Structures are given as structure tokens and as C-alpha cells.
1. Length gain on complete extension for the stretch Ala186 to Thr21, per 0.36 nm per residue less the alpha carbon to alpha carbon distance?
2. Which FRET efficiency, nearest 0.05, do Ala163 and His36 yield, Cβ-Cβ r, R0 41 Å?
3. In percent, how large is the relative contact order of the stretch 1-87, given Cα pairs closer than 8 Å and 6 or more residues apart?
4. Assuming a strict under-26 Å limit between Cα atoms, what lysine pair count do you get for the chain once near-sequence pairs (fewer than 8 apart, same chain) are dropped?
5. Quick one: accessible area per residue over the stretch 113-160, 1.4 Å probe, rounded to a whole number of Å²?
6. Quick one: grab the alpha carbon gyration tensor of the stretch 19-79, order the square roots of its eigenvalues as a ≥ b ≥ c, and give me rounded if a/c is under 1.5, else prolate or oblate depending on whether a/b is larger than b/c.
7. Each residue of the stretch 167-179 in order: what ³J(HN,Hα) in whole Hz does its phi give by Karplus 6.51 cos²θ - 1.76 cosθ + 1.60, θ = phi - 60°, with x for Gly and Pro?
8. Check each of the GluC sites (Glu not before Pro) in the stretch 152-194 and keep only those in coil by DSSP with at most 16 other C-beta atoms within 10 angstrom; list them in order.
Amino acid sequence: MPHNTSDTLIHPTAVIDEGCTIGEGTRIWHFSHVMHGARVGKSCNIGQNVVISPGAIVGDRVKIQNNVSVYTGVTVEDDAFLGPSCVFTNVINPRSFISRKDEFRPTIVRRGASIGANATIVCGNEIGEYAMIGAGAVVTKDVPPYSLWVGNPARQAGWVSRAGHKLDFNDGMAVCPETGAHYRLADGRVEEIG
């Protein structure tokens, strides 16, 4: 079990299995469980009652709010945000009486993406860089970078900046109201251009 240092904090009620990796500066709160073979990066904040399963990968500076299970097959890249009680799956057709551990479908949450409270991410899909999934959405397909998705099933409702603001495109160009960064929309894809 990793030891608390001036930068790393593991609450006494958390369970940290042998054989997992936890980066420096990470904080793991009440009743959470990091299982054997899981990898958690540096400077993460893991809320209460979070489970990180064997083989799951959590990048650096990831914030996981309370009551989230990051199952085997899920990769969460750097700077992502997982809202309270959001849900991942890893088998498309689960049955309690059939073992399908060899059928896990990988799910990837790309750098800087945010998943809202109580959203569900069906396995086998990719959430693109800096995309935003609204609270309660049910994602059943890949989500492009910088896109905003809401509803059940989730549908695209626009585009967002790296800072998480909705972008209004005029002639294919938009500006983030917070940072002043410029974005271009072309062929159904957004890119930050400065």
C-alpha cells in the first residue's frame, strides 16, 4: 500500500491493493478501492466510494467525483473529469450466469474531456479530447473532440472550447469567451488554432 506523503493522501478507509500504481500527489478519499493492476497517475483527485478495477488506466490530473466505478477496459487520459455517479460499462450484453470477461470492450476518455453527473458511457466508445457529456446523458457511440452531447440516447448539441464554454461559430470560426482562444470548424471537426 502506498504511504501518505506531503503531496499524496490516501484516506484510512480507502483500500489500495498490492500491485496497483498510484502517482505522486494523488489524493484518494473515503471508502474508495484501487484494485490490483490498476494505474492511477499523478496529481489526481479520487472522490469517495470510487472503484478503479484491475487494468483500468487513469492519467495525470484526473478528477473522479464520488460514486464512480472505472471498470476494466476503461482508459481515462490526462486532465479528464468524471462527474458524480457517472457510469461505465465493459460488456455489451451482460448476464449474471455467463462469464464474458474475455469480451470486455475498451472505452477511452480522451485528454481534457468531461463527463457529467449520472451520465452513462456504453462500452466500446471513445469520448474525444475536450468533449463534454451533459448530466444524465447516455452515450452509445463515439463522441468527436470538442463536442457537447446531451440526452438519452445522447445527441450532439454543439461544440465547446478547451475551457468548457459553448462555441458559436460564424463563417467556421469561434472564440472562447474565457480564454480568447480561436477555433475553426471544418468538415464536422473542431480544432483550436490559437
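1. On the way: separation 165, 0.36 × 165 = 59.40 nm, distance 4.04 nm.
That pair, Ala186 and Thr21, stretches by 55.4 nm at full extension.
2. Working: r = 37 Å, r/R0 = 0.90.
So, using R0 = 41 Å, E works out to roughly 0.65.
3. On the way: 266 pairs, mean separation 17.6, N = 87.
Worked out over the stretch 1-87, it gives 20 percent.
4. Numbers: Lys42/Lys63; Lys63/Lys141; Lys63/Lys166; Lys101/Lys141; Lys141/Lys166.
Taking the chain as the scope, the lysine pair count is 5.
5. Details: 1710 Å² over 48 residues.
So the stretch 113-160 comes to 36 Å² accessible per residue, rounded to a whole number.
6. Working: a/c = 1.29, a/b = 1.03, b/c = 1.25.
It comes out rounded by the Cα gyration axes.
7. 9, 10, 8, 10, 6, x, 10, 8, 10, 5, x, 8, 9
8. On the way: sites: Glu178, Glu191, Glu192; in loops: Glu178.
Sites meeting the loop and neighbour criteria: Glu178.
The values are calculated or read from the model by the stated rules, or taken from the named source; none is laboratory data. Just so we're clear, the structure is a prediction, and the values are computed from it rather than from any experiment. As a convention, Cβ positions derive from the backbone with ideal geometry for all residues, glycine included, and neighbour counts pool all protein chains shown. Note: accessible area is taken over every heavy atom of the protein model, side chains too, but ligands, DNA and RNA are not part of it. Shrake-Rupley method; radii C 1.70, N 1.55, O 1.52, S 1.80 Å.
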